[in-house]
Amino acid sequence: MPFTSVAIVGAGLAGLACARTLAAHGVAARLFDKGRAPGGRLATRRIELDGRSFGFDHGAQYLTARGAVFASALDAAGAKPWIDETRRVGVPRMSAIPRALADGLDLATARHVAEIAGEPGAWRLRHLDAALVRPGRPVPPDAAVAEDGPFDAVVLAVPAPQAVPLLAGPATRLAEVIGAVRLAPCWTLMAAFPDRLPLPDTLRLTGGPIGWAARDSSKPGRDASAECWVVQAGPEWTREHLERPAAEVAALLLDALGKLAGGAVPAPLCAAAHRWRHALVETPLGAPCLWDPALRIGACGDWCIAPRAEAAADSGAALAAAMHAAP
Ligand SMILES: Cc1cc2nc3c(=O)[nH]c(=O)nc-3n(C[C@H](O)[C@H](O)[C@H](O)COP(=O)(O)OP(=O)(O)OC[C@H]3O[C@@H](n4cnc5c(N)ncnc54)[C@H](O)[C@@H]3O)c2cc1C
């Protein structure tokens, strides 16, 4: 392995798997993530209300392991079965899995990487306080930009559409290849109710606004006295309503959930909608990862392989292996 220092942008499952595999080969990697914690789409949102705290896994609902490597990573992270033995969740919340996988890694959170500068073998990352970067709004002109590096190599472990602008300067060809990848958006409702809804713990649906709904509080280790639901809109409905205000989307999805329950649901204690612009892979790259040995820039993520968390971890590990094999 010709590297001594690697920068990884993105500490979701792909970035974490890449860092852990590099570490196993004795290579130190520094992770940067714009989130306040690692995990990306393996996420948990807490809503505080009147002294109570309601938790919602508003990203990935459960994880399945087809391969032994991901299965043992889930075991090590304390994941437990939910619904059946094959579906696993983080305990006491989904975000516990990436937190466990990030243990011991060098991770900078709340840092938005805005630019890859420098040259092959001596890349530098320019990054700023993620709280200052808001979609559709200009970054304040006096925002302090920090620079880290030099790094021997850079890995982008971010959703494909977010990798493209970062690669446009240093790696135009990679940016072009990634441009063909497509991810579907997903509006997600989080709602807590005063009473139990007359619905099974999970529902998978087609043809209406809702694609998936689950009693999040039925997962192991959750507060069972709270009736917390996560409701995902289907991709067509989400696209149709993509730019609507979150409050309107929450009302529409609550209404749709009420119809499923055979009438109106009781007024929720709390309800909020989250828009995932890049949720599930529709058109994958069709290769485990991307690695340009001349530029020493790589990219990984679920979008390389399939719309599953395991694919993200597999892609990150595949990229680390490709880097390790590099001459
Ligand atoms: C609503 C929803 C439901 C899902 N349900 C399931 C399910 O039930 N089962 C399943 O297996 N999978 C599910 N998935 C998919 C699964 O969550 C993903 O496949 C997986 O988490 C992707 O991991 P990743 O590391 O490739 O990307 P991400 O998790 O998206 O990680 C990318 C990271 O990059 C960071 N980042 C992006 N840009 C920058 C930047 N410029 N600077 C710094 N950091 C940056 C982000 O903050 C993020 O942490 C679901 C996803 C969603 C959204």
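The values are calculated or read from the model by the stated rules, or taken from the named source; none is laboratory data. All of these numbers come straight from a predicted model, not from anything done at the bench. Because the Cβ atoms are built from the backbone with ideal geometry, glycine has one as well, and the counts that use them run over all protein chains shown. Side chains included, ligands, DNA and RNA excluded: accessible areas come from the protein's heavy atoms. Shrake-Rupley method; radii C 1.70, N 1.55, O 1.52, S 1.80 Å.
Structure data summary
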item	result
Residue within region 40-58 that is within 14 Å of the ligand (Cβ to nearest atom) and surrounded by fewer than 17 Cβ atoms within 10 Å (Cβ to Cβ) present	no
Residues of region 268-315 satisfying the condition of being of a type outside the set (A, V, I, L, M, F, W, C), away from the ligand (no atom under 11 Å from the Cβ) and open to solvent by 10 Å² or more (accessible area, probe 1.4 Å)	PRO268, GLU282, THR283, GLY286, PRO288, ASP292, PRO293, ARG296
Every pair of residues 6+ apart whose Cβ atoms lie under 6 Å, when the first sits in region 280-292 and is closer than 22 Å to ALA153 by Cα while the second is surrounded by fewer than 20 Cβ atoms within 10 Å (Cβ to Cβ) and small (Gly, Ala, Ser)	TRP291/ALA322
SER217 open to solvent by 70 Å² or more (accessible area, probe 1.4 Å), more than 15 Å from the ligand (Cβ to nearest atom) and among the polar types (S, T, N, Q)	no
Candidates GLU248, GLU236, GLU243 - the one that is closer than 14 Å to PRO209 by Cβ, open to solvent by 50 Å² or more (accessible area, probe 1.4 Å) and more than 16 Å from the ligand (Cβ to nearest atom)	GLU248
From PRO81, PRO92, residue being away from the ligand (no atom under 13 Å from the Cβ), modelled with pLDDT of 95 or more and in a loop (DSSP other than H, G, I, E, B)	PRO92
Any hit, region 153-171, residues being more than 14 Å from the ligand (Cβ to nearest atom) and loosely packed, with under 15 Cβ neighbours inside 10 Å	no
